[in-house]
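Report on the structure given below.
The values are calculated or read from the model by the stated rules, or taken from the named source; none is laboratory data. Model, not experiment: these values are computed from the prediction. Cβ placement follows ideal geometry from the backbone for every residue including glycine, while neighbour counts extend to all protein chains displayed.
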Amino acid sequence: MNTNTRGNITEAFIMAKLLEFGYCVSVPFGNNARYDMIADVDGKLIRIQCKTGRTVNGTVSFNTCNTNLRRYDGEADVFLVLCKETSVIYCVPVKGASKNGMRLRVVKSKNCQEEGINNASGYVFKGFNKPL
């Protein structure tokens, strides 16, 4: 499967989940926007960049920049990350994301380190009910 097809599947899955939550979802026309879709949450528009996560050594890993290493600061509000292996969507604010990539820990580390770890359980998407 090529990366465009994988991305389209991720976007469709995330859009379906947003619709299940009752959000109005809009998609920008053309390829010029730095976000994949917008969700209307009680009158506030949230710009969403969809990402496909993959499991790597007990983490869900995803890129926080595009293929040209350009970041999304100020151009998207959140990453919604679909990880097919865990069947979970994770919500990560763009402002709090690491520079080029991010890992969310789904399995406890071997040395039981807790400090500086992004536990995936804290990023599970359950709707936009918390401030971003």
Checked E75, E11 against criteria (in a helix (DSSP H, G or I), out of contact with any helix residue (DSSP H, G or I) (no Cβ under 6 Å at 6 or more places or on another chain) and more than 16 Å from G127 (Cβ to Cβ)); the one match is E11
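Give me a count of the residues in region 53-69 that are outside any strand (DSSP E or B) and farther than 17 Å from K99 by Cβ. Break it down into steps so the answer makes sense when it comes.
Within region 53-69, the subset outside any strand (DSSP E or B) is 57-58, 64, 66-69.
Those still in the list that are farther than 17 Å from K99 by Cβ too: 57-58.
Summing the residues that are outside any strand (DSSP E or B) and farther than 17 Å from K99 by Cβ in region 53-69 gives 2.
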When (1) more than 15 Å from R47 (Cβ to Cβ); (2) in contact (Cβ under 8 Å) with a residue 24 or more places away in the chain are applied to N57, the one that fails is (2)
Members of region 61-86 found to be modelled with pLDDT of 85 or more and surrounded by fewer than 14 Cβ atoms within 10 Å (Cβ to Cβ), listed by number:
D73, G74, E75, E85
Every listed condition ((1) surrounded by fewer than 16 Cβ atoms within 10 Å (Cβ to Cβ); (2) under 14 Å from the mean Cα position of the chain (by Cα)) holds for L104 save (1)
Residue that is nearest to E85 (Cα to Cα), among those in region 14-52 that are without any contact (Cβ under 8 Å) to a residue 40 or more places away in the chain, in a strand (DSSP E or B) and of a type in the set (V, I, T)
I48
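Are any residues in region 87-100 assigned to a loop (DSSP other than H, G, I, E, B) and surrounded by fewer than 20 Cβ atoms within 10 Å (Cβ to Cβ), and if so, which ones? Can you show your working first?
Here is the first cut: in region 87-100, the residues assigned to a loop (DSSP other than H, G, I, E, B) are 87, 97-100.
If the condition is that a residue be assigned to a loop (DSSP other than H, G, I, E, B) and surrounded by fewer than 20 Cβ atoms within 10 Å (Cβ to Cβ), then S87, S98, K99, N100 are the ones that fit.
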Which of the residues spanning region 79-93 are of a type outside the set (K, R) and more than 9 Å from the chain's Cα centre (by Cα)?
C83, E85, T86, S87, V88
Just to verify a result, which residue in region 45-60, among those that are over 12 Å from the mean Cα position of the chain (by Cα) and modelled with pLDDT of 95 or more, is surrounded by the fewest Cβ atoms within 10 Å (Cβ to Cβ)?
L45
Complete set of residues in region 5-26 that are over 14 Å from I46 (Cβ atoms), among the hydrophobic types (A, V, I, L, M, F, W, C) and in contact with a Leu (Cβ under 7 Å, 6 or more places away or on another chain):
F13
